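Asker: Can you keep this structure in mind? I'll have questions shortly.
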Protein chains: 2
Amino acid sequence: MDQNIITQLESIIGKDGVLHTPEDLAVYSYDGTFEEHCPDVIVLPRTTEQVSQIVRLAAQERIPVVTRGMGSGLAAASVPFSGGITLSMTRMNRILEIDEVNATVHVEAGIVTADLQSAVEKRGLYYPPDPSSIRHSTIGGNVACNAGGPHCLKYGVTGDYVLGLTVVLADGQILHTGGKLIKDVVGYDLNALFTGSEGTLGVITEVLLRLIAKPTVARTVLVEFPTLADSARPVNAILAAGIVPATLEIMDETAIACIEEAMHLGLPLDVEATLLIETDGTDKAAVLREIEAVAAICRQCGARQVKVAENEAERSILWKARRSVSPALARKAPNKLGEDITVPRSAIPEAIRRLIVISAKYELPIVIFGHAGDGNLHPNILFDRRDLQQWNKVEQMVAEEFVLALELGGTLSGEHGVGMLKRPYMEKALGPVSIKIQRNIKQALDPLNILNPGKVFPN
Amino acid sequence: MDQNIITQLESIIGKDGVLHTPEDLAVYSYDGTFEEHCPDVIVLPRTTEQVSQIVRLAAQERIPVVTRGMGSGLAAASVPFSGGITLSMTRMNRILEIDEVNATVHVEAGIVTADLQSAVEKRGLYYPPDPSSIRHSTIGGNVACNAGGPHCLKYGVTGDYVLGLTVVLADGQILHTGGKLIKDVVGYDLNALFTGSEGTLGVITEVLLRLIAKPTVARTVLVEFPTLADSARPVNAILAAGIVPATLEIMDETAIACIEEAMHLGLPLDVEATLLIETDGTDKAAVLREIEAVAAICRQCGARQVKVAENEAERSILWKARRSVSPALARKAPNKLGEDITVPRSAIPEAIRRLIVISAKYELPIVIFGHAGDGNLHPNILFDRRDLQQWNKVEQMVAEEFVLALELGGTLSGEHGVGMLKRPYMEKALGPVSIKIQRNIKQALDPLNILNPGKVFPN
């Protein structure tokens, strides 16, 4: 990076906010995928005004700007393949206001989502979206990817909570959207446009979120199914009965075995699948009746056993199990590649059948878990990346997973985003007309293509 | 309109689908506002392909295209001020599929929303959004305006149910968005972009909607408040208690008096305000406990009486009252102008106080009712339009209502849209940066500015 640019960046945010040693560049070269590329410089702004000045300079000099939260992304959206400026939001992590009466929270984008969640819970409020990365990912990253999580079946995803944003646009101008308003139909829905735009349309610097009253009661069950296929059957039956569980997660036998091996929680090792189901609310009797109805439906659908968590300790064991799936898989193989396909709920059994076929065809295990209630599955391929033959197989398997999802009326991602990795499948997923108008929107908002260039859209 | 264009339109959809006598033009010249302007021709297509050909022709010939459902809009969005083609969607009113397993319905855009709602209810499914115009407005119009309604506090507005759209773009190309997917983060959120875009970005021809299981129990109360100011107090208290009523509607004394005068339902005539509150669900005991808790909170907040509807007949009387507000006001004055401001919930009492001041200042009654739970109020000015002095006052009063909303952190519309009428206030509501990028988006999708030209954006 030109020393003159470095000097200008330092004059905007101070020397301690600009990193450019080779070690720094290496540290900011990757995210949660296998991809890597060094930026030319990292900036750590503290204010929206600083972000504005940085982007203005970048626009002037035609330098790419890649916004980064905590780098936990699973689609390489924050890997700076074109070099340029990596704009790390981690120093913008303040809570600006918790409004208890209107049930809103206003934060800077770099706050870790779990920190936000615990701060509002202390006031009796609740921010439901809970991506598995919640303890290290930032709310800005969650908004940029429209993150989901196990509580999103009942409560909706990140985008359902975004009331307003502060966004630095591609020319450095500062945009404020929305407000503390439940209903607002004035102009186009810019909150929704920036949510899930993966850093390609603007730099999100502040987020205003809707909150709800914190549920006071939860009941959790682990349901054991002898066959994986049966385990998908209760999903529609439960929802058709008018019960919307907070959580309806599926884990297959390999997932369970990995967790049990790692954590010794007493999970069943002789079933093909388990469902983790939780009902919650503020009315204890109703929550209990709901979980009983859920249990009855599961039994009718072929469940062998429904284990009810009898107390908070037992409940936390079940959640510990679910939250440990991803790390636990690391014990089974040197590498894993977790995908994020979604299908219509009715297609879950067929999706599972086809994933098993793909696994058998390539002779590599696919562990299946995910948000069954939303039709959002995370097939994780286990492999050894040092073995080039295996890596080649993995690439073919992922392609087949995407074909599977699209053939069943599904799509490439439910909560991780497109980033760099799914670009080759975008045309097939959305069709040329959709790609074209999305490119037009990108061009309209970022005519110089400096914001996260090369991401989301096919080459 | 050039005879050559008429002939081409007739060749696309047949002679019976093209109207252009002076009588026809007059019939399609207005909507639910006081505005009027004749189109040059009306077309009544039956398929998306026909719409595509019509728009292609319009683009070629640079003719404005104004899409129209049933003309019940309250912001003049479908009044064709630039003439051109009015594209009436009323012949595209088929239900294409009800998918009971995935709980979705796929319809043509011209179906009346109540028809859609009753069709899915026969299958045990439920489409919650219920604008007061539900028996005559179309789902396409509801999507184009992101319509709300009294059930939207608990269940969300139209946009929360849109899973997919078929849209004819400004060049005649056909775009398909979304699918039967609860979660989908592939590319920009085009469903949300077209929802609420008031016909300026594309012609919505088909809609795929998410449904939920039909609630089986509802309990409804009418709560009487001696003072209007007190009536707003329970709103936040109820929500803070973790109760989300399906409905939380406010009606002031004039509204109640007008309904009572028209319908003789036995409504209280000696209180300043009433709240209509309904809880619903599938668990009878829980629904009952919720309504009891609601009643207790209302009493603590100064309610004089909480009347519980003891049976379905009593419940339907209360709903009949709420649904009749708008027509009942017609008895009180020759004309009314109903606005649609939203404010943060905490600002409702202050908004009401200021509306009373505006009414007193101009010596014209403002009737207040609306969706208190959402902070969405419909102040209705009663007047006689033949009296020019009154009409001038009304215009000033509306302007003051908008100032009031903006000063309290609110905005111009919660569910009616901007259309033609609120354009002068857009810059103040959104600021120049927002307006500029929205114009850029409009330009990107409709470079010839043929789709509903002149709407939404300030001159």
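Asker: What angle do you read, to the nearest 10 degrees and between 0 and 90, between the alpha-carbon axis of helix A:423-445 and the longest principal axis of chain A?
Answerer: So the helix axis and the longest Cα principal axis differ by about 40 degrees.
Asker: Give me the base-10 log of I(q)/I(0) for chain A at each q in 0.14 Å⁻¹, Debye formula, one uniform scatterer per Cα, rounded to two decimals.
Answerer: -1.38
Asker: Quick one: label points 7 angstrom along Cα→Cβ at residue B:365, distances to the other copies in nm, smallest first?
Answerer: Computed spacing set for this position: 7.5 nm.
Asker: Over the Cα atoms of the stretch B:15-61, what Rg and Dmax result, in angstrom?
Answerer: Values for the stretch B:15-61 (Cα only, Rg and Dmax): 12.3, 34 Å.
Asker: Mind checking the stretch B:1-75 for trypsin sites (Lys or Arg not before Pro) that DSSP puts in a loop (not H, G, I, E or B) and that have at most 14 other Cβ atoms within 10 Å?
Answerer: Values: sites: B:15, B:46, B:56, B:62, B:68; in loops: B:46, B:62.
Listed in order of number, the matching sites are B:62.
Asker: At a probe size of 1.4 Å, how large is the accessible area of residue A:162, to the nearest 10 Å²?
Answerer: 20 Å²
Asker: Which percent, to the nearest 5, of DSSP beta bridges fully inside chain A are antiparallel?
Answerer: DSSP beta bridges in chain A are roughly 90 percent antiparallel.
Asker: Moving to a separate point now. Hey, with R₀ at 35 Å, roughly what FRET efficiency would residue A:237 and residue A:459 work out to, going by the Cβ-Cβ distance, to 0.05? Show your work: numbers first, answer last.
Answerer: Numbers: r = 44 Å, r/R0 = 1.25.
Efficiency for this residue pair is about 0.20.
Asker: Inverting the mean 1/r over all pairs of different Cα atoms, compute the Kirkwood radius of the stretch A:124-187 and quote it in Å.
Answerer: Its Kirkwood hydrodynamic radius stands at 13.3 Å.
Asker: Hey, what's the Kirkwood Rh for the stretch B:289-336 if you take every pair of different alpha carbons, in angstrom?
Answerer: Averaging 1/r across every pair of different Cα atoms and inverting gives 13.0 Å.
Asker: Find how many whole Å separate the alpha carbon centroid of the stretch B:364-379 from the alpha carbon centroid of the stretch A:409-456.
Answerer: The two parts, judged by their Cα centres, are 42 Å apart.
Asker: Identify the residues of the stretch A:355-381 with backbone N under 15 Å of a label point that sits 7 angstrom from the Cα of residue A:428 along the Cα-to-Cβ direction, or state none.
Answerer: Backbone N within reach: A:355, A:358.
Asker: State, to one decimal in nm, how far the label point of residue A:61 lies from the label point of residue B:312, with both points 7 Å from Cα in the Cβ direction.
Answerer: Distance between the two pseudo-spin positions: 7.2 nm.
Asker: Nm distances between the label at residue B:60 and the same-position labels in the remaining copies, 7 Å along Cα→Cβ, shortest first?
Answerer: The projected label point of residue B:60 is separated from its counterparts by 5.0 nm.
Asker: What do the square roots of 5 times the Cα gyration tensor eigenvalues come to for the stretch A:242-349, in whole Å, largest first, as semi-axes of the equivalent ellipsoid?
Answerer: 25, 17, 14
Asker: Once both axes come from the Cα atoms, what is the angle between helix A:3-13 and the longest principal axis of chain A, in degrees from 0 to 90, rounded to 10?
Answerer: 70 degrees
Asker: Suppose every Lys and Arg Cβ carries +1 and every Asp and Glu Cβ carries -1, with no other charges. What dipole size does the protein assembly as shown come out with about its Cα centre, to the nearest 20 debye? Walk me through the intermediate numbers first.
Answerer: Values: 86 positive and 110 negative charges, 40 e Å.
Roughly 200 debye, rounded to the nearest 20.
Asker: Across 5 Å bins from 0, what is the distribution of all Cα-Cα pair distances for the stretch A:254-304, in whole percents?
Answerer: 4, 18, 20, 16, 17, 16, 8, 1
Asker: Right, here's the next one. Express the relative contact order of chain B as a whole percentage, based on alpha carbon pairs under 8 Å and six or more residues apart in sequence. Intermediate values should be presented prior to the final figure.
Answerer: Values: 986 pairs, mean separation 71.2, N = 459.
Relative contact order here is 16 percent.
Asker: With viscosity set to 0.692 mPa s at 37 °C, what whole-number translational diffusion coefficient in µm²/s follows for the stretch B:170-223 from Stokes-Einstein and a Kirkwood radius over Cα pairs?
Answerer: After rounding, the answer is 226 µm²/s.
Asker: If you keep only loop residues by DSSP, which trypsin sites (Lys or Arg not before Pro) in the stretch B:364-459 have at most 16 other Cβ atoms within 10 Å of their Cβ? Can you show the working numbers first?
Answerer: On the way: sites: B:385, B:386, B:393, B:422, B:428, B:436, B:439, B:442, B:455; in loops: B:385, B:386, B:422, B:455.
Loop-located and lightly packed - B:385, B:386.
Asker: Another question, then. Please pull out the direction-averaged projected area of the stretch B:37-114, using the convex hull of its alpha-carbon atoms, in nm² to one decimal place.
Answerer: Orientation-averaged projected area of the Cα hull: 6.2 nm².
Asker: Now for a different question. What share of all Cα pairs of the stretch B:163-287, in percent, falls into each consecutive 10 Å distance bin?
Answerer: 11, 25, 19, 25, 17, 3
Asker: Kindly provide the GluC sites (Glu not before Pro) of the stretch A:225-320 that DSSP labels as loop, not H, G, I, E or B, and whose Cβ sees at most 10 other Cβ atoms within 10 Å.
Answerer: Passing both the DSSP loop test and the Cβ count: A:310.
Asker: Classify the stretch B:36-176 as rounded, prolate or oblate from the Cα gyration tensor: take a ≥ b ≥ c as the square roots of its eigenvalues, call it rounded if a/c is under 1.5, otherwise prolate when a/b beats b/c and oblate if not. It would help to have the intermediate numbers written out before the result.
Answerer: Details: a/c = 2.29, a/b = 1.59, b/c = 1.44.
In terms of gyration-tensor shape, prolate.
Asker: Right, next: Test of understanding: what is the full-extension gain from residue A:385 to residue A:305, defined as 0.36 nm times their sequence separation minus their Cα-Cα distance?
Answerer: 25.0 nm
Asker: Starting from the Cα of residue A:15, step 7 Å along the direction of its Cβ; do the same at residue A:439; then give the gap between the two resulting points in nm.
Answerer: The two pseudo-label positions are separated by 4.6 nm.
Asker: Rounded to the nearest 20 Debye, what is the dipole magnitude of chain A about its Cα centre when Lys and Arg each give +1 and Asp and Glu each give -1 at the C-beta?
Answerer: Values: 43 positive and 55 negative charges, 89 e Å.
Here chain A has a charge dipole of around 420 debye.
Asker: I would also like to ask the following. Considering Cα pairs under 8 angstrom that are at least six residues apart, work out the relative contact order of the stretch A:113-194 and quote it in whole percent.
Answerer: On the way: 89 pairs, mean separation 17.3, N = 82.
Reported as a whole number, the value is 21 percent.
Asker: In the stretch A:410-459, what is the volume of the convex hull around the alpha carbon atoms, normalised per residue and reported in Å³? If you can, show how the numbers build up before the last one.
Answerer: Working: hull volume 4.0 nm³, N = 50.
With only Cα atoms used, the stretch A:410-459 gives 80 Å³ per residue.
Asker: Binning at 20 angstrom from zero up to the longest distance, how are the C-alpha pair distances of the protein assembly as shown distributed in percent?
Answerer: Bin by bin from 0 Å, the calculated values are 14, 46, 34, 6, 0.
Asker: What is the spin-label model distance, in nm, from residue B:136 to residue A:353 if the labels are put 7 Å beyond Cα along the C-beta direction?
Answerer: Distance between the two pseudo-spin positions: 5.1 nm.
Asker: In debye to the nearest 20, how big a dipole does the stretch B:117-171 give about its Cα centre with +1 on each Lys and Arg Cβ and -1 on each Asp and Glu Cβ?
Answerer: The dipole magnitude comes to about 240 debye.
Asker: Between A:431, B:411, A:155, whose Cα lies farthest towards the positive end of the dipole of the protein assembly as shown when Lys and Arg beta carbons carry +1 and Asp and Glu beta carbons carry -1, centred on the Cα centre?
Answerer: Projecting each Cα onto the dipole axis, the largest value belongs to A:155.
Asker: Please give the helix A:312-323 orientation as an angle from the longest Cα principal axis of chain A, in degrees from 0 to 90, rounded to the nearest 10.
Answerer: 60 degrees
Asker: Based only on Cα atoms, what mean projected area does the convex hull of the stretch B:310-459 have, in nm²? Don't skip to the answer; put the middle values down first.
Answerer: Numbers: hull surface 47.2 nm².
With every direction weighted equally, the projected area is 11.8 nm².
Asker: Cα convex hull of the stretch A:313-380: mean projected area in nm², to one decimal?
Answerer: 5.2 nm²
The values are calculated or read from the model by the stated rules, or taken from the named source; none is laboratory data. A quick note: this is a predicted structure, and the numbers were derived from the prediction, not measured. Positions of Cβ are backbone-derived with ideal geometry, glycine not excepted, and every protein chain shown enters the neighbour counts. Please note that ligands, DNA and RNA were not included when accessible areas were found on the heavy atoms of the full protein model with its side chains. Shrake-Rupley method; radii C 1.70, N 1.55, O 1.52, S 1.80 Å.
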